[in-house]
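Read the structure below first, then the notes.
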Amino acid sequence: MNCLWCDEEITSDVTWSNVALPTKAKSLCEGCEKELTVLNGSRCLRCSRVSEEKICKDCKWWEHYMGGEDVLTANYSVFAYNERMQDMIAKWKYRGDYQIGFAFQGRFTQLFKKQFNDIKNIVAVPIPLSKERMNERRFNQAEMLAHFLPIEVDSVLDRVHGEKQSKKNRYQRLSSENPFKLQKAINKPVILVDDIYTTGTTLRHAARLLQQHGCPITYAYTLIRG
Amino acid sequence: MKKPSSPAEGLPPSDQVISKNYSGKLLLRNEIRLEEPQFRALPFTPIPSIKRKTFSHECQRCHNQKKSLFASIPCSSCQKTHLYCRKCIEMGRIMECEPLYECSGESFHWPRHEAPCSWDGTLTEVQQQAADRIVHAVKNNERELLVWAVCGAGKTEMLFQGISEALKDGKRICIATPRADVVRELKPRIQQAFAKVSVQALYGGSKDKDGTAQVILATTHQLLRFKHAFDLLIIDEIDAFPFHKDTSLPFAANRAKKDIHTTIYLTATPRQHHRLQIAFNKLPHIFVPIRYHGHPLPVPSTKMCYSLKKPLTKYMPPRSFMNWIKQRKNQSRQILIFVPTIKMAEKMKENLQKILIADNMIKDPKEIDFVHAEDPKREEKVQQFRAKLLRVLLTTTILERGVTFPSVDVGVLDSGDKVFDEAALVQIAGRAGRSSDDPTGEVVFFHDGRTDAMVQAIQSIKKMNRRGGFIE
Ligand SMILES: [Zn+2]
Ligand SMILES: [Zn+2]
Ligand SMILES: [Zn+2]
């Protein structure tokens with residue numbers, strides 16, 4: 001196996017203690033693995049930002065803005081958006097190197113089990129791409145991540161507006177029309193899956209739509225906290 | 001809507017434009033900016049982009065055959081899983097369901113220019129000899145010529161007459177170089193020298209993108225989009241191409257040439273295989289052993305630093321290095337410092353900054369900076385150094401070649417490190433004494449044990465000086 005990022009061969013050190021056990025194939029070499037930062041320490045319970053406060057300022061704003069209750073119960077992110085991660089995301093998503101996604105599989109699955117294991121009947125719903133994007137890229141990175149999880153995946157969302165929203169500010173973005181359409185209602189707890197939590201607007205749009213149609217509680221699980 | 005005319009019915013009026021834009025290329029559909037009906041009416045031949053073989057696959061754009069650089073992708077359009085090439089993905093993804101297209105119509109007739117060269121400088125005698133040799137090669141469609149010219153020989157100017165000769169004949173020309181910096185630096189010089197000729201610079205993120213000029217300046221990767229396009233291919237810094245490590249580059253260079261062509265290799269530090277070919281007279285070549293200003297190459301001195309690694313692990317400049325900085329003969333020269341790693345450049349900068357300010361060597365902390373390959377501000381910093389807004393610049397080997405500063409002293413910290421091979425050290429030494437106003441400059445290798453690379457670099461510099469008629 002070669003490292004998915006630098007293509008150097010990964011030499012697995014076989015010792016007498018692990019020779020009998022099936023070794024998990026590594027997807028990144030040690031050097032490249034080290035370049036990624038797994039988030040830890042005290043974080044905002046709602047958005048996973050590194051924060052001393054239990055609920056960060058942004059999330060308090062959201063709560064207030066939504067009239068006292070945030071549609072997003074909690075987001076959990078795995079990695080920090082450092083330089084290497086930005087490069088990896090660019091290659092994976094924008095250049096379309098599908099294989100890079102597998103570099104995240106191990107951690108993404110592992111931390112899911114740790115964070116969301118006790119929630120019963122939970123369904124993963126990936127954040128969709130618009131048709132045009134999908135035609136360009138041929139795969140949806142959120143969908144790929146969702147399928148790493150040991151739970152049911154139901155891609156019930158469609159994107160009706162394009163992804164390009166960066167020129168609007170947060171308020172304009174949330175008050176603007178919901179970019180998603182629901183194919184069918186889900187009346188079980190939902191975990192939204194996406195590659196990155198940046199402002200949380202997209203995820204809250206999706207959460208609101210699901211809850212308007214009977215979803216009791218909505219979480220988010222994202223690869224990166226932007 | 002008008003029915004698009006088929007090629008059999010005669011060529012549509014824009015045919016000239018189409019053939020100019022698309023002949024001599026190998027492109028993905030999304031790189032061909034034509035609406036579907038127009039596209040279908042033109043003689044574009046699809047070529048399967050990935051060849052499946054029994055034990056391996058082969059990308060038809062980059063020639064990649066390495067197993068780990070192919071992967072599968074579930075394609076949402078086809079609802080099928082395809083192979084795609086991971087190697088050349090920066091140039092746009094090659095996947096099985098999308099062919100490459102070759103425009104098989106008539107190839108474009110590039111204009112013949114009667115007097116294309118607008119450069120009015122003069123060449124030195126040695127430069128003229130080389131220029132004559134290049135012209136001869138171009139005129140006679142000689143397949144290969146290697147020009148071995150020392151750093152600072154003025155090789156770009158030596159090319160002008162050969163390029164003119166090709167343009168007079170309506171030939172298409174590509175100058176390929178390994179680094180985007182060099183392409184950027186070359187563009188204004190070539191455009192100025194050939195003011196009436198179309199010139200484009202192609203590199204990752206360049207403004208010019210379509211590659212539709214008669215003279216193309218490009219990084220080697222950009223050659224992957226060309227096929228049978230060039231009559232004259234000039235490969236600059238041939239020794240810096242990772243040709244031995246990356247077979248896709250010589251493959252691309254070969255494919256980009258027309259059947260009848262001339263390839264000119266330029267180098268100041270030829271690799272072993274070229275030296276052997278020269279020694280056995282298997283490769284036509286010409287030496288340019290003298291710099292354009294007629295002064296010899298600065299010969300590096302070496303400075304042994306016992307326990308060099310000690311300060312370096314703390315990213316501190318060694319004492320003998322600081323002494324050198326203060327005792328340099330010409331204190332008005334800027335200082336270019338080469339270090340083995342990015343981290344060293346970054347951390348050393350902070351420490352050096354404090355020391356130089358404390359010692360009153362610089363007044364403003366902004367007078368020192370560092371660059372490396374991935375530095376997004378690399379271009380800007382190099383400009384600042386050239387404009388003398390920076391006094392001291394720390395760099396990795398990224399600035400070893402292609403960039404010229406008029407008046408610098410050069411220090412190499414830990415010159416025994418493996419990144420500094422013979423060619424790198426010769427190139428680094430070649431940064432000093434580049435202008436006729438200040439044709440000398442100090443070059444010092446700071447080391448904790450001489451390496452073969454250091455010894456050989458110094459020997460080969462001395463040898464070139466001897467060949468140039470300078471007596472030690
Ligand atoms: Zn928060
Ligand atoms: Zn390829
Ligand atoms: Zn397909």
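The values are calculated or read from the model by the stated rules, or taken from the named source; none is laboratory data. Here the structure is a predicted model, which means the values were calculated and not measured. Note that each Cβ is placed from the backbone with ideal geometry, even for glycine, and that neighbours are counted across all protein chains shown. Calculation scope for accessible area: heavy atoms of the full protein, side chains included, ligands and nucleic acids excluded. Shrake-Rupley method; radii C 1.70, N 1.55, O 1.52, S 1.80 Å.
Among the GluC sites (Glu not before Pro) within segment B:335-378, which fall in a DSSP loop and have no more than 14 other Cβ atoms within 10 Å of their own Cβ?
Working: sites: B:GLU346, B:GLU350, B:GLU367, B:GLU374; in loops: B:GLU374.
When the GluC sites (Glu not before Pro) of segment B:335-378 are filtered for loop state and at most 14 Cβ neighbours within 10 Å, B:GLU374 remain.
For segment B:110-172, report the accessible area per residue in Å² (1.4 Å probe, heavy atoms, rounded to an integer). Could the numbers behind the result be given before it?
Numbers: 2860 Å² over 63 residues.
I get 45 Å² per residue for this part.
The aspartates and glutamates whose alpha-carbon is closer than 17 Å to the alpha-carbon of B:LYS314, local same-chain residues fewer than 8 away aside, are B:GLU346, B:GLU350, B:ASP414, B:ASP417, B:ASP448.
Residue-wise HN-Hα couplings along segment B:394-411, as the Karplus relation 6.51 cos²θ - 1.76 cosθ + 1.60 with θ = phi - 60° gives them from phi, are 9, 8, 7, 5, 4, 9, 5, 8, x, 10, 10, 10, x, 8, 10, 9, 10, x Hz; Gly and Pro carry x. For segment B:171-210, the convex hull drawn through the C-alpha positions has a volume of 78 cubic angstrom per residue. A crude spin-label estimate for the pair B:LYS245 and A:ARG84, with each label 7 Å from Cα along the Cβ direction, gives 1.9 nm.
If I take every Cα pair under 8 Å that is 6 or more residues apart in chain A, average their sequence separation and divide by the length, what percent do I get for the relative contact order?
Details: 363 pairs, mean separation 47.2, N = 226.
In percent, rounded to a whole number, it is 21.
Close amide-amide hydrogen proximity is noted between A:SER77 and A:THR222, each under 5 Å apart and 5 or more residues distant or on a separate chain (H modeled in the peptide plane; Pro and chain starts excluded).
Please identify every one of the GluC sites (Glu not before Pro) in segment B:14-115 that sits in a loop by DSSP and has no more than 11 other beta carbons within 10 Å of its own beta carbon.
Numbers: sites: B:GLU31, B:GLU35, B:GLU58, B:GLU90, B:GLU96, B:GLU102, B:GLU106, B:GLU114; in loops: B:GLU35, B:GLU96, B:GLU106, B:GLU114.
The qualifying sites are B:GLU35, B:GLU114.
Under a Gaussian network description of chain A, with springs only between Cα atoms under 10 Å, the residue in A:ASP87, A:ASP118, A:ASP194 that fluctuates furthest is A:ASP118.
Taking 4 °C and 1.567 mPa s as conditions, the protein assembly as shown diffuses translationally at an estimated 44 µm²/s according to Stokes-Einstein applied to its Kirkwood radius (Cα pairs). Under 12 Å from a label point set 7 Å out along the Cα-to-Cβ vector of B:ASP448, the amide N atoms of segment B:382-423 belong to B:414-417. Restricting the calculation to alpha carbons of segment B:15-103 gives Rg and Dmax of 14.1, 43 angstrom. Taking every alpha-carbon pair under 8 Å whose residues sit at least 6 apart, chain B reaches a relative contact order of 13 percent. Seen from all directions on average, segment B:115-241 presents a Cα convex hull projection of 7.5 nm².
Round to the nearest 0.05 the FRET efficiency obtained for B:LEU389 and A:ALA185 when R0 = 56 Å and r is the Cβ-Cβ distance. For R0 = 56 Å, the calculated efficiency reads 0.35.
If you take the Cα atoms of segment B:303-360, find Rg, then find the Kirkwood Rh from the mean of 1/r over all pairs, what is Rg/Rh? Mind dumping the intermediate values first?
Working: Rg = 11.6 Å, Rh = 12.2 Å.
The Rg/Rh ratio comes out at 0.95.
Here segment B:125-288 has 51 percent of its accessible surface on carbon and sulfur atoms, given a 1.4 Å probe and all protein chains in place.
B:VAL339 sits with roughly 0 Å² accessible to a 1.4 Å probe, with DNA, RNA and ligands left out of the calculation.
Taking the DSSP beta bridges with both ends in chain B, the antiparallel portion is around 30 percent. Annotation: amide H of B:HIS285 within the under-5 Å range of B:LEU146, sequence separation 5 or more or interchain, hydrogens built in the peptide plane. In angstrom, the C-alpha Rg and Dmax of chain B are 24.8, 81. Phi-derived couplings, Karplus 6.51 cos²θ - 1.76 cosθ + 1.60 at θ = phi - 60°, listed residue by residue for segment B:432-439: 8, x, 7, 9, 6, 6, 9, x Hz, with x used for Gly and Pro.
Viscosity 1.306 mPa s, temperature 10 °C: give me the Stokes-Einstein translational D for segment B:301-468 in µm²/s, with Rh taken as the Kirkwood radius over C-alpha pairs. The partial results should precede the final answer.
On the way: Rh = 16.0 Å.
For the chosen part, D equals 99 µm²/s.
Counting only other chains, what is the mean number of Cβ atoms within 10 angstrom of the Cβ of each residue in peptide B:85-94?
Details: counts 1, 9, 1, 0, 7, 4, 1, 2, 7, 0.
Going residue by residue through B:85-94 and averaging, the value is 3.
Shown for chain A are the DSSP H helices of 15 Å or more along their axis, judged by Cα atoms, with a mean Kyte-Doolittle hydropathy of at least -0.5: A:201-212. Computed over chain A with a Gaussian network model linking Cα atoms closer than 10 Å, the most mobile of A:SER27, A:SER155, A:SER42 is A:SER42. Counting, for every residue in B:65-74, the Cβ atoms of other protein chains within 10 Å of its Cβ and taking the mean gives 4.
Residues of segment B:441-472 falling in the label zone of B:ASP132, defined by backbone nitrogen less than 19 Å from a point 7 Å along Cα to beta-carbon, are B:468-469.
Each chain gives up part of its surface: A and B jointly bury about 1400 Å² of accessible area, both sides summed, for a 1.4 Å probe. For A:PHE180, the residues whose modelled amide H falls within less than 5 Å of its own, excluding neighbours fewer than 5 places apart on the same chain, are A:VAL160.
Only alpha carbons enter this Debye calculation for segment B:380-430, each as an equal point scatterer, and the log10 of I(q)/I(0) it gives at q = 0.26, 0.32 Å⁻¹ is -1.11, -1.46. With R₀ fixed at 45 Å, the C-beta to C-beta distance from A:THR109 to B:VAL419 puts the FRET efficiency at about 0.70.
The tail of the calculated P(r) for segment B:54-167, taken as Cα-Cα distances beyond 23 Å, holds 58 percent of the pairs.
Between A:LEU45 and B:ASN360, the C-beta separation translates, for a Förster distance of 45 Å, into a calculated FRET efficiency of about 0.25.
Computed from label points 7 Å out along Cα-Cβ, the spacing between B:GLU350 and A:HIS64 is 3.7 nm.
Pairs A:LYS26/B:LYS51; A:LYS91/B:LYS207; A:LYS26/A:LYS57; B:LYS87/B:LYS366: which are spaced more than 31 Å apart, C-alpha to C-alpha? Before the final figure, lay out the partial values.
Details: A:LYS26/B:LYS51 28 Å; A:LYS91/B:LYS207 21 Å; A:LYS26/A:LYS57 38 Å; B:LYS87/B:LYS366 40 Å.
Flagged as over cut-off: A:LYS26/A:LYS57; B:LYS87/B:LYS366.
Go through B:LYS462, A:LYS181, B:LYS418 and list them by solvent-accessible area, largest first, probe radius 1.4 Å. If you can, show how the numbers build up before the last one.
Values: B:LYS462 70, A:LYS181 110, B:LYS418 185 Å².
Largest to smallest exposure gives the sequence B:LYS418, A:LYS181, B:LYS462.
Sequentially through segment B:292-306, phi angles give Karplus couplings (6.51, -1.76, 1.60; θ = phi - 60°) of 4, 8, x, 9, x, 5, x, 8, x, 9, 10, 10, 6, 10, 5 Hz, Gly and Pro residues having no value and appearing as x. On full extension, the segment bounded by B:ILE260 and B:VAL299 gains 9.9 nm, given 0.36 nm per residue less the C-alpha separation. Solvent-accessible area per residue in chain A equals 53 Å², computed with a 1.4 angstrom probe and all protein chains kept. A 1.4 Å probe, protein heavy atoms only, puts the accessible area of A:HIS213 near 90 Å².
Distance between the modelled labels on B:ASP437 and B:GLU144, one decimal in nanometres: 4.2 nm (7 Å Cα→Cβ projection). Rounded to two decimals, the Cα-based Rg/Rh of segment A:38-225, with Kirkwood Rh, is 0.93.
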